[in-house]
Amino acid sequence: MGVHRTFAEINAKIKAGKVVVVTAEELVSLVEEKGVKQAAQEVDVVTTGTFSPMCSSGAFFNFGHSVPRIKFFRVWLNDVPAYAGLAAVDAFLGATAVREGDPLNTDPPGEFRYGGGHVIEDLVARRPVKLKAVGYGTDCYPRREIETVITLDDINEAFLFNPRNAYQNYACAVNTGDRTLYTYMGVLKPRLGNAHYATSGQLSPLLKDPFFRTIGIGTRIFLGGGIGYVVNHGTQHFPSIPDLPPGAVRIPSGGTLAVMGDLKQMSPRWLRGTSMLGYGVSLSVGIGVAIPILDEEVCYYASRPDRELYAPIVDYAEAYPQRRSENLGWVSYAELRSGKITINGKEVPTASLSSYARAREICQILKEWIQEGKFLLTEPVAPLPGPEAGIVPKTLDIRGVKGGRG
Amino acid sequence: MPPSKVVLRFPAAIADKPIIYRLVKDYDLMINILKANINPHKEGMMVLEVTGEKVEDGLDYLRRQGVAVQPLTEEIIRNEERCTHCGACTAICPTGALYFERPSMLVRFDGEACVVCQLCVRACPMKAMEVRF
Ligand code: SF4
Ligand code: SF4
């Protein structure tokens, strides 16, 4: 029987300063050198990370009360609309909200220079942000408008709440059409001019614990430079196992995480307003997850190298916008990271949207936090649904309204 | 006449025509090629220093051949603070001035190889590439 550890045993070692932590990259090399059995004996924790645009992100705020009081009906932060359909001075700002008056794609491709993601970056950078709101006036909230300046430290609460982050795996995007495409996967040149991918492969959290044996609801994580938590599986969490090519490790690919954390602890290095040409604004988010090596199986999956992890090649000219589930084949992260791949006999240069260098840095920071005893691991309070749950995507069909109150 | 610096962009169809030779021969210009990136059947780029009496005539000739001619008065700089080394610019840059260094996976910017086409300025999601006049 191989090694067995519990979260409590690992935390005791962290507190005693005796824990052995390695980054995902270090674990890959260690296992190549000594094998899974030996590595699982030696290592207690492996750290993973990713830094990438993650559109399904945003933040909740409570701004405190003015004299006289106002109940927000509409609210803007640096002219970017936030959602005010909550209690009086609460609001939610989404990362992809675009500033009022932005030309959008009227003269395509639009530049989308400023939006919700940039407001969040400005706040964590401690830059002043203009708050504007209107109310309709009530007996208890008589004020009808307000315009003032806030900083992150002036307001009561601010927490990042991202409904879908840290995609387990993602498509490698290409364009077989005749014109340049401006997408959330970057600028895709015509006739297979380039291929863009978007995960950190062998460093990526959910590719390293693919069956969610250690990551679940309540898991403490590195989020935006501070501490955050997994609060649920993310939206569009479809962890089925795809039809992978030979040589690929057989794991699910559609897992996602919903995460939250105190914005006041975070930093602009790890939360970055992002502008995708012709597409819109977003927020690049840094996430790191520490995986406890509970046994050899956890060690095995956590140590799979780029050459065993595969991404599907998806055509954004037709298949993606028309929701066709076909792909142009699979490609390993080792090939993607080499700088070129071959599709239909054509050599195509590759580039990524997520920063491998920054992902590596997150692995390192999290490793140091654990070594210094500043970060303890948490046993999930509930697991995330895995492939056995058989979750399949629902589609949005177009039909007339009958019944209901619409 | 002081030399003028110009950026030329060639469509794929004329990338293999001897137009620089014509500039020297027919317009009596002195040409100093500062940067060049020409491949047969592909869009090409060249940065030239041109000296001579008939610079404007020579440039008009190029325009008639379908070459885009632009004076080189601008340069591109990278805001190191904003760059996250994502790499989204590396397959867009036509000259390889922005490229992944391996194995560090840091994105390097080689100003010498840059022809100021500004494609990266718009494509960079972090708005890290800036034009300086
Ligand atoms: S796209 Fe921008 S942020 Fe990304 S590597 Fe290039 S310059 Fe840096
Ligand atoms: S302007 Fe940008 S894309 Fe164009 S050559 Fe220079 S670095 Fe490359």
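The values are calculated or read from the model by the stated rules, or taken from the named source; none is laboratory data. Remember, predicted model here, so these are calculated numbers, not experimental data. Quick reminder, even Gly has a Cβ in these numbers, built from the backbone with ideal geometry, and neighbours come from all protein chains shown. To get the accessible areas, we keep the full protein, side chains included, count just its heavy atoms, and leave off ligands, DNA and RNA. Shrake-Rupley method; radii C 1.70, N 1.55, O 1.52, S 1.80 Å.
Every residue in the range B:84-105 that is in a loop (DSSP other than H, G, I, E, B), more than 9 Å from ligand 2 (Cβ to nearest atom) and more than 20 Å from A:Tyr184 (Cβ to Cβ), please.
Hits for the range B:84-105 are B:Arg102, B:Pro103, B:Ser104, B:Met105.
Only one of A:Arg323, A:Arg360 is open to solvent by 30 Å² or more (accessible area, probe 1.4 Å) and either closer than 30 Å to A:Phe7 by Cβ or within 14 Å of chain B (Cβ to nearest Cβ) (or both). Can you tell me which?
A:Arg360
Within the range B:28-84, work out how many residues are open to solvent by less than 80 Å² (accessible area, probe 1.4 Å) and within 14 Å of another protein chain (Cβ to nearest Cβ).
Residues meeting the conditions: 5.
Would you confirm, using the coordinates I've provided, whether B:Leu23 is open to solvent by less than 40 Å² (accessible area, probe 1.4 Å) and more than 16 Å from ligand 2 (Cβ to nearest atom)?
Working: open to solvent by less than 40 Å² (accessible area, probe 1.4 Å): yes; more than 16 Å from ligand 2 (Cβ to nearest atom): yes.
So B:Leu23 fits the description; yes.
Considering only residues that are part of a strand (DSSP E or B) and of a type in the set (A, V, I, L, M, F, W, C), which ones fall in the range A:77-110?
Across the range A:77-110, the qualifying residues are A:Leu77, A:Val80, A:Ala82, A:Ala91, A:Phe92, A:Leu93, A:Val98.
Have a look at A:Gly286, A:Gly261, A:Gly255 and point out the one that is within 14 Å of chain B (Cβ to nearest Cβ), open to solvent by less than 10 Å² (accessible area, probe 1.4 Å) and closer than 26 Å to A:Gly226 by Cβ.
Criteria check complete, one pass: A:Gly286.
Would you be able to tell me the number of residues in the range A:211-226 that are open to solvent by 10 Å² or more (accessible area, probe 1.4 Å), among the aromatic types (Phe, Trp, Tyr) and either within 26 Å of A:Ser267 (Cβ to Cβ) or not in a loop (DSSP other than H, G, I, E, B) (or both)?
Within the range A:211-226, residues that are open to solvent by 10 Å² or more (accessible area, probe 1.4 Å), among the aromatic types (Phe, Trp, Tyr) and either within 26 Å of A:Ser267 (Cβ to Cβ) or not in a loop (DSSP other than H, G, I, E, B) (or both) number 0.
How many of the residues making up the range A:348-379 are under 18 Å from A:Asp44 (Cβ atoms) and within 19 Å of the chain's Cα centre (by Cα)?
Number satisfying all stated conditions: 4.
Out of the residues in the range B:115-133 that are open to solvent by 20 Å² or more (accessible area, probe 1.4 Å) and outside any strand (DSSP E or B), which is farthest from A:Gly110 (Cα to Cα)?
Residues of the range B:115-133 open to solvent by 20 Å² or more (accessible area, probe 1.4 Å): B:117-119, B:121-122, B:127, B:130-133.
Going one step further and asking which of them are outside any strand (DSSP E or B), we end up with B:117-119, B:121-122, B:127, B:133.
Numbers: B:Cys117: 18, B:Gln118: 15, B:Leu119: 14, B:Val121: 13, B:Arg122: 9, B:Lys127: 14, B:Phe133: 23 Å.
Only one residue tops the list, namely B:Phe133.
If you check every pair at least six apart or on different chains, which have Cβ atoms under 7 Å apart with a residue in the range B:94-120 that is modelled with pLDDT of 95 or more first and a residue that is among the charged types (D, E, K, R) and surrounded by 13 or more Cβ atoms within 10 Å (Cβ to Cβ) second?
Every condition considered, the pairs that remain are B:Tyr99/B:Arg108; B:Glu101/B:Arg108; B:Phe109/B:Arg78.
Quick test of your reading of the structure: A:Val98 fulfils all but one of (1) in contact with a helix residue (DSSP H, G or I) (Cβ under 9 Å, 6 or more places away or on another chain); (2) within 15 Å of A:Glu145 (Cβ to Cβ); (3) among the aliphatic types (A, V, I, L, M). Name the failing condition by number.
(2)
Considering only the range A:339-357, state which residues are out of contact with any strand residue (DSSP E or B) (no Cβ under 8 Å at 6 or more places or on another chain) and away from chain B (no Cβ under 11 Å).
A:Asn344, A:Gly345, A:Lys346
Residues checked against (1) among the hydroxyl-bearing types (Ser, Thr, Tyr); (2) touching a residue at least 24 places away in the same chain (Cβ under 8 Å):
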residue: A:Trp369; (1), (2): no, yes
residue: A:Lys374; (1), (2): no, no
residue: A:Thr378; (1), (2): yes, yes
residue: A:Val381; (1), (2): no, yes
residue: A:Pro385; (1), (2): no, yes
residue: A:Ile391; (1), (2): no, yes
residue: A:Ile398; (1), (2): no, no
residue: A:Lys402; (1), (2): no, no
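So, of the residues in the range B:31-52 that are away from ligand 2 (no atom under 16 Å from the Cβ) and in contact (Cβ under 8 Å) with a residue 24 or more places away in the chain, which turns out to be farthest from B:Pro94 (Cα to Cα)?
By that ranking, first place goes to B:Gly52.
Take the residues in the range B:85-99 that are more than 9 Å from ligand 1 (Cβ to nearest atom) and buried (at least 22 other Cβ atoms within 10 Å of the Cβ); name whichever of them is farthest from A:Ser275 (Cα to Cα).
B:Ala97
In the range B:95-133, what residues are touching a helix residue (DSSP H, G or I) at 6+ places or on another chain (Cβ under 8 Å) and more than 10 Å from chain A (Cβ to nearest Cβ)?
Correct list: B:Thr95, B:Ala97, B:Met129, B:Glu130, B:Val131.
Give the residue that is least open to solvent (accessible area, probe 1.4 Å), with candidates limited to residues of the range A:1-53 that are aliphatic (A, V, I, L, M) and in a loop (DSSP other than H, G, I, E, B). Even if it seems obvious, please write down each step before you answer.
First, the residues of the range A:1-53 that are aliphatic (A, V, I, L, M): A:1, A:3, A:8, A:10, A:12, A:14, A:16, A:19-22, A:24, A:27-28, A:30-31, A:36, A:39-40, A:43, A:45-46.
When the remaining residues are screened for being in a loop (DSSP other than H, G, I, E, B), the result is A:1, A:3, A:16, A:19-20, A:43.
Numbers: A:Met1: 208, A:Val3: 25, A:Ala16: 62, A:Val19: 19, A:Val20: 59, A:Val43: 2 Å².
Within the range A:1-53, the match that is least open to solvent (accessible area, probe 1.4 Å) is A:Val43.
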